[in-house]
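The values are calculated or read from the model by the stated rules, or taken from the named source; none is laboratory data. Fair warning: this is a prediction, and the values are worked out from it, not measured in the lab. Here Cβ is always computed from backbone atoms with ideal geometry, including for glycine, and neighbour counts include all displayed protein chains.
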Amino acid sequence: MDVLTNKPHLDTLEIEPSGEADASVIWMHGLGADANDFYGLPPELGLPAETKVRYIFPNAPQIPVTINQGMVMRAWYDITEISARGQDETGIRQSSDWVSELIAREISRGVVSTRIVVAGFSQGGAMALFTGLRYPERLGGVMCLSGYLLLPESLLTETSEANQDLPIFQAHGSEDPMVSRDLGRRGHNALVEAGHRVDWREYPMAHQVCLEEVRDIGQWLAKILKR
């Protein structure tokens with residue numbers, strides 16, 4: 001698979017900076033949403049004007065989702081039951097390969113890998129953690145919003161050496177009824193036990209993003225992308 005010459009499998013919406021991009025944020029939506037979900041957020045992050053970020057918002061494929069009565073919707077992988085969230089290993093690994101294509105495309109466009117951040121919300125946040133930690137080249141960081149750790153039993157054996165100490169921003173709502181705080185916390189604890197650097201943030205909210213969180217995201221991005 002030649003990701004530098006072939007069109008990526010995932011279609012995307014993109015926001016270009018004024019001037020040539022020297023950093024990229026690949027931001028994945030949650031279950032049933034699409035690339036428009038966070039498209040309007042970048043101006044709210046308050047990044048310094050000199051930080052030239054290209055934002056890439058990919059669309060997940062349309063697949064039947066078991067937990068939603070088999071309805072076809074955009075999803076990074078199937079979910080079969082609440083107690084086994086995210087264990088569609090085939091779907092997870094396929095989507096991870098496709099996100100990795102987007103990372104490789106950014107490198108081919110002239111953005112060094114250490115200035116690429118993989119981010120996402122809910123299912124997209126789970127995919128960001130899964131893909132970012134396994135990517136073979138050093139990245140800039142991973143951001144997981146209201147998400148969780150996929151295939152935790154493979155974390156120790158599959159994390160790439162290059163991204164063992166990758167900065168991770170993990171945020172969750174204390175009142176989240178869809179992806180419980182406990183589920184997010186279990187992932188956080190596993191990451192810390194595996195030696196990863198995790199900036200955990202918790203907010204008094206449900207399954208959503210709040211203004212305080214947006215401010216914290218902007219500050220975190222500005223810090224890791226500072227030249």
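Worth pointing out:
- Yes/no for Val117 being among the aliphatic types (A, V, I, L, M), surrounded by 15 or more Cβ atoms within 10 Å (Cβ to Cβ) and in a helix (DSSP H, G or I): no
- Among residues of the stretch 188-227 being assigned to a strand (DSSP E or B) and within 21 Å of Val118 (Cβ to Cβ), the one that is modelled with the lowest pLDDT is Arg197.
- Per-region count, the stretch 60-113, residues buried (at least 21 other Cβ atoms within 10 Å of the Cβ) and free of Cβ contacts under 8 Å to residues at least 24 places away in the same chain: 1
- Residue match in the stretch 43-52 (condition: modelled with pLDDT of 95 or more, closer than 20 Å to Val25 by Cα and among the acidic types (Asp, Glu)): yes
For every residue, the table says whether it meets (1) more than 23 Å from Gln219 (Cβ to Cβ); (2) at pLDDT below 95.
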| residue | (1), (2) |
| --- | --- |
| Asn59 | yes, no |
| Thr66 | yes, yes |
| Val72 | yes, no |
| Glu81 | yes, yes |
| Thr90 | yes, no |
| Arg93 | yes, no |
| Ala104 | yes, no |
| Ile116 | no, no |
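- Hits in the stretch 156-187 (condition: in a loop (DSSP other than H, G, I, E, B) and closer than 19 Å to Gly30 by Cα): Ser174, Glu175, Asp176, Pro177, Met178, Val179, Ser180
- Of all residues in the stretch 145-158, none are surrounded by 24 or more Cβ atoms within 10 Å (Cβ to Cβ), within 21 Å of Ala104 (Cβ to Cβ) and of a type in the set (Ser, Thr, Tyr).
- Any hit, the stretch 28-38, residues being touching a Pro at 6+ places or on another chain (Cβ under 7 Å) and crowded, with 19+ Cβ neighbours inside 10 Å: yes
- Looking at the stretch 37-88, none of the strands (runs of 3 or more DSSP E) lying wholly inside it contains 2 or more residues that are closer than 22 Å to Val117 by Cβ and out of contact with any strand residue (DSSP E or B) (no Cβ under 6 Å at 6 or more places or on another chain).
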